[in-house]
1. Calculate I(q)/I(0) for the stretch 120-199 by the Debye formula, one identical point scatterer on each C-alpha and no solvent, and give its log10 at q = 0.11, 0.16, 0.20 Å⁻¹ to two decimals.
2. With the alpha-carbon atoms as the only input, what is the per residue convex hull volume for the chain in Å³?
3. Could you compute the FRET efficiency for VAL253 and ALA102, with r as their C-beta to C-beta distance and R0 at 41 Å, rounded to 0.05?
4. Of all trypsin sites (Lys or Arg not before Pro) in the stretch 27-91, which ones are in loop regions per DSSP and have a Cβ with at most 16 other Cβ atoms within 10 Å?
5. Could you line up LEU361, LEU324, LEU350, LEU311 from fewest to most neighbouring Cβ atoms inside 10 Å?
6. Can you give the calculated 222 nm mean residue ellipticity of the chain, where each DSSP H run of n ≥ 4 adds -39,500 (n - 2.57) and the sum is split over every residue, rounded to the nearest 500 deg cm²/dmol?
7. Filter LYS260/LYS336; LYS257/LYS392; LYS78/LYS392; LYS218/LYS260; LYS87/LYS392 down to the pairs with a C-alpha to C-alpha distance above 20 Å, please.
8. Any idea what the relative contact order of the stretch 308-457 is, in percent, if you count C-alpha pairs under 8 Å spaced at least 6 apart?
Amino acid sequence: MEQAPKKAAQKPRMNFWQMFNLSFGFLGIQMGFALQTGNASRILQTFGADVEHLTWFWLAAPLTGMIIQPIIGHYSDKTWTKLGRRKPYFLTGAILAALALAFMPNASVLAAILPPVMIGASTLMIMDASFNVSMEPFRALVADDLPEEQHNEGFSIQTSLIGVGAIIGSLLPYVLANWFGIAKTAKQGIAPHNLIYSFYAGAVVLIASVLWTVFRTKEFPPEEYDSFHAEEIEKEKGEEKKSGMAEVFYNLVHMPKTMKQLAVVQFFSWYALFSMWVFTTPAIAAHVFHIKAGDTSSADYNNAANWVDILFGVYNAVSAVYALLLPKILTKVSRKKMHAFALVMGGLGLISLLFIQNQYLLILPMVGIGLAWGSVLAIPYAILSSSIPATKVGVYMGIFNFTITIPQILNGVVGGLIVKHLFNDQPIYALVMAGVFLFLSAGSVFFVQDETDKQSA
């Protein structure tokens with residue numbers, strides 16, 4: 001007589017504050033990430049990097065992340081420590097990222113050993129790899145701890161906290177300089193004090209917020225976690241067991257159809273975002289503030305760079321509010337339609353930068369960019385979490401990181417060359433191109449098979 005398949009237990013639902021604690025560490029991670037994305041190009045230019053070479057300096061970061069993420073995901077699926085399953089990984093990543101944040105703007109102190117620009121670029125690589133080590137286990141933790149019907153809400157709260165952290169990180173250099181009178185200029189080749197102190201603050205908040213999640217959130221031990229996925233585990237018993245990188249490659253080859261379709265959406269989105277982070281400061285400095293290339297020590301250049309921090313703060317504020325509204329919106333509109341809408345708004349925002357010469361009017365496009373950013377951080381992960389086996393959340397979240405790093409690597413290789421040879425050293429056109437890529441991303445959303453569409457059909 002055949003034995004009836006085991007029935008899976010139900011995960012307990014979480015209230016708002018439990019979900020808040022679950023993702024609070026992401027606030028600190030994103031504060032550090034915002035400081036990096038808003039100021040790394042500025043710091044590298046201060047240390048002597050040319051505009052067309054900026055993408056090359058950024059290149060090592062996604063390369064490192066592409067290698068590290070699936071490995072971290074695989075081992076976080078398979079291991080259990082006294083601290084938990086995901087916690088050891090995002091805590092380690094946070095500590096390394098905090099050290100890199102504290103060191104990067106001070107790279108000039110080792111000028112006698114290596115050129116500061118090389119030290120700064122190496123620190124950027126370590127920092128970005130460390131952020132990646134922390135980010136994907138945090139996303140896996142949401143999928144681990146929440147029942148599927150709360151995934152939309154869980155990833156939306158996470159995105160909102162990401163937005164809050166990014167607002168703080170984006171605005172801090174401006175606030176320190178303009179509200180507290182901390183120097184925003186320095187000698188050529190040295191980062192200004194408002195940047196240095198901002199990076200120190202980012203390191204402290206990063207560690208503190210991640211520790212909050214570590215101590216305030218419980219992970220399900222293996223036996224209890226398995227009870228929630230008994231049916232899936234039963235199905236997998238007949239599969240040939242693989243270990244280490246063999247399993248990573250097996251899962252890469254056999255990734256779910258929805259994940260492959262999302263990869264196309266992600267490619268266009270993250271190519272565009274990488275362009276925005278690398279080229280916004282030099283583009284706005286040249287196109288709106290009319291600052292000559294190479295003039296990175298003047299007050300005018302630093303005013304332009306600080307204003308870009310404000311703009312990044314605005315789009316992150318929009319994304320935070322939008323993320324809080326998403327769960328309600330998604331009860332009435334499909335995830336695919338909302339994602340496509342947000343990406344189109346982001347594309348319009350980036351393209352409109354070409355036609356704006358007033359620094360204050362630059363705030364308007366940031367609304368559209370904020371909608372796109374908030375959607376990119378929430379909806380693809382919510383769709384993905386519904387399509388992957390619960391027992392392989394970590395490794396698939398890590399593999400999904402390929403869809404983020406590969407477009408950045410491609411942009412890192414060709415982006416600077418395009419600006420130099422196709423756009424005649426005018427980085428504003430890299431932002432226009434990024435807007436077009438967001439349109440392409442929006443169009444490809446409609447080819448994605450979303451499990452919730454099936455269930456509601």
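1. Scattering profile of the stretch 120-199, log10 relative to I(0): -0.48, -0.79, -0.97.
2. 140
3. For VAL253 and ALA102, the calculated efficiency is 0.50.
4. The qualifying sites are LYS82.
5. LEU361, LEU324, LEU311, LEU350
6. -24500 deg cm²/dmol
7. Flagged as over cut-off: LYS218/LYS260.
8. 37
Every read-out reported here was derived from the displayed coordinates using simple, explicitly stated rules and does not represent laboratory data. Predicted model only: the values in this text are computed from it and were never measured. We place every Cβ from the backbone using ideal geometry, glycine too, and count neighbours over all the protein chains shown.
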